[in-house]
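Here, each number is a calculation from the coordinates, and none is a lab measurement. Quick caveat, the model's predicted, so the values are computed rather than measured. Quick reminder, even Gly has a Cβ in these numbers, built from the backbone with ideal geometry, and neighbours come from all protein chains shown.
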Amino acid sequence: MNVVAKIGTSSITDERGEISSAAIDKLTAEVAGLRSQGHRVVVVTSGAIAAGLPALGLSGARPADIATLQAISAVGQSRLMGAYDAALGRHGLVAGQVLLAPLDFMDRSQYLHARDTFGRLLDLGVVPVVNENDAVADDEIRYGDNDHLAALVAHLIYADLLVLLTDTTGLHSADPRLVADAPSSRRSSSSITTWSGWPADGARYGGAAGWRRSCGRPRWPPGRASGR
């Protein structure tokens, strides 16, 4: 079975907003468990900016200008990948970095090259670790959240299952950080269309709106699970 598992920044960072090795260790242990059962797994991860901020000695308010954020992402991506490489290595697995941009899905030739690359990586027993190529992404043409990217990757590799890991308890009718008693549901339904208008926080894009977009591609059965 081909599985795509997406995890967001908030699920792999600690209370200081820095990358949590414990969270990545937990995720990679679960990936190793799936691999031991004969499944092929692709991880779609956010977190490059979160990994880059402390490396550059930046703390406090997150920079807002695109050039700075892209520079931070360039610094952080290698560190994020290093964390995955080390964690998967402890289970005898090899990680392979794949950075994607919208052009890879919009241009037929690029799309086929990406599909062939994923196929060969999986055939070689590699765990592809995917992120958007934020360092050079055009803000006018980008995914904006990795839920969307994960859905596209799942379609690309003919995934049997797409799992969107989250640190929320379900789909809330309002932003639970602002409305403490906002009703939630563990079942996806038509209500996801009207409930998912609130954005994610400044640490990442995505949120419920990202889940809605990714679940709008129903070729495979989507799943939501705890990222903690």
Requested in this report: Would you kindly state how much longer the chain becomes between Met1 and Val136 on full extension, computed as 0.36 nm times their sequence separation minus their alpha carbon distance, in nm to one decimal?
Outcome: 45.3 nm
Query - Inter-probe distance in nm under a simple model that places probes 7 Å from Cα toward Cβ, at Thr68 and Arg108 - result: 4.4
Report task. Would you mind checking which residues have amide H under 5 Å from Thr13's amide H? H placed 1.01 Å from N; only 5 or more apart, or other chain. Result -> Ser20
Query raised in the report: His155 versus Ser21, label points 7 Å from Cα toward the beta carbon: distance in nm?
Result: 3.9
Query raised in the report: Taking Cα centroids, how far is segment 59-97 from segment 117-135 in Å?
Result: 15
Query raised in the report: Hey, can you rank 69-81, 43-55, 97-109 by average C-beta count inside 10 Å, highest first?
Result: 43-55, 69-81, 97-109
Query raised in the report: Which whole-number percent is the relative contact order of segment 49-109 (Cα, under 8 Å, 6+ apart)?
Result: 32
Requested in this report: In nm, give the distance between the simple-model label positions of Ala61 and Arg120, each being 7 Å from the Cα along the Cα-to-Cβ direction.
Outcome: 4.7
